[in-house]
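I have placed the structure first, in the form of structure tokens, so that the comments after it can refer back to it.
Read-outs: derived from the displayed coordinates by stated rules, not from any lab. The shown structure was predicted, so the numbers you read here are calculated from the model rather than taken from an experiment. FYI the Cβ positions are ideal-geometry reconstructions off the backbone, even for glycines, and counts take in every protein chain you see.
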Amino acid sequence: MTEASSSAPLNSAGVATDDLCELLLRLGDSSLILAQRLGEWIGHAPAVEEDLALSNTALDLVGQARAFLTYAGELEGRGRDEDALAFLRDTREYRNLLLAEQPNGDFSVTLVRQCLFDLFQRELFAALSQSADQRLAQVARKALTETTYHVQYSSGWVVRLGDGTDESHRRAQQALDDLWRFTGEMFTPDAVDARLTEGGVLPSLPSLRLGWLAALDAVLRDAMLTRPTDGFFHTGGKQGHHGEGLGRLLAEMQFLQRAYPGASW
């Protein structure tokens, strides 16, 4: 679904529905996979308040994923709803950003990962709220409200960890250093992104990085953390190339649906 032909049907915004469907899968999958990662903390967070906070963030992300995947299923026209797209695809069919699938590690890894992603989503959803595709813009406006709260929570914790004890500072800096190589993918467009940007559906991804960096640098200053130097960035998640950890995550997430197809309560 990464190459749009000249005969591909167009949507109301004048862009190929195949391209729009691909974008919706990327957005929905990133939220869904990160929600699953956060769900792994349920019952294991360091305090009840954080257990609830991470759970609520995960629920917001599931809601975003449902909205994006529902729309994708309608455009795809293959009779797959959001549940089928979430639970009945194989690893190579997922289009999530690599950052979203990275293992939780310790609490600092989870919160640094969340902060990096939340700040990106805030920039992206703010721009998508003006998308030429009105339905996408509507979903983005709702998601932006939720993401604003996510940023407050994750960035607040990054500051507490970075400007806390020597140990918490060390762990937060190490998490930032280790995760940095997955951040470049968020701002690296491919042919699908380029066509959607030309059609006014998607903002220019490289242009979002300036706002993201400015917001991130403000958090890092308060956290007494050092932004890593840019180097090699891992990409490929948006094209279905993932680490082995995603396969294990999906095996757990999809078990019930695959073991009992079509089961209902």
Listed with the fewest Cβ neighbours within 10 Å leading, ASP18, ASP222 appear as ASP222, ASP18
Computed for the range 134-265: size of charge dipole around the Cα centre, +1 on C-beta of each Lys and Arg, -1 on C-beta of each Asp and Glu, debye to nearest 20, value 420 debye
Going residue by residue through the range 50-63, the Karplus relation 6.51 cos²θ - 1.76 cosθ + 1.60 with θ = phi - 60° gives ³J(HN,Hα) values, rounded to whole Hz and with x marking Gly or Pro, of 6, 4, 5, 5, 5, 5, 5, 4, 4, 5, 4, 5, 5, x
In debye to the nearest 20, the charge dipole size for the range 35-191, taken about the Cα centre with +1 at each Lys and Arg Cβ and -1 at each Asp and Glu Cβ, equals 340 debye
Asserting the computed 222 nm helical MRE of the chain (DSSP H runs at least 4 long, -39500 (n - 2.57) per run, divided by residue count, to nearest 500) equals -21000 deg cm²/dmol
With Cα springs under 10 Å, the Gaussian network model of the chain assigns the largest mean-square fluctuation among PRO103, PRO203, PRO46 to PRO46
Subtracting the Cα-Cα distance of ARG181 and ASP166 from 0.36 nm times their residue separation yields 3.0 nm
For the range 33-123, listing trypsin sites (Lys or Arg not before Pro) in a DSSP loop whose Cβ sees at most 10 other Cβ atoms within 10 Å gives ARG78
Check: C-alpha center the range 117-142 vs C-alpha center the range 185-247, spacing in Å is 15 Å
The exposure ranking of ILE42, ILE33, fewest beta-carbon neighbours within 10 Å first, is ILE42, ILE33
Answer in debye to the nearest 20: the dipole magnitude of the chain about its Cα centre, from +1 Lys/Arg and -1 Asp/Glu charges placed on Cβ, is 200 debye
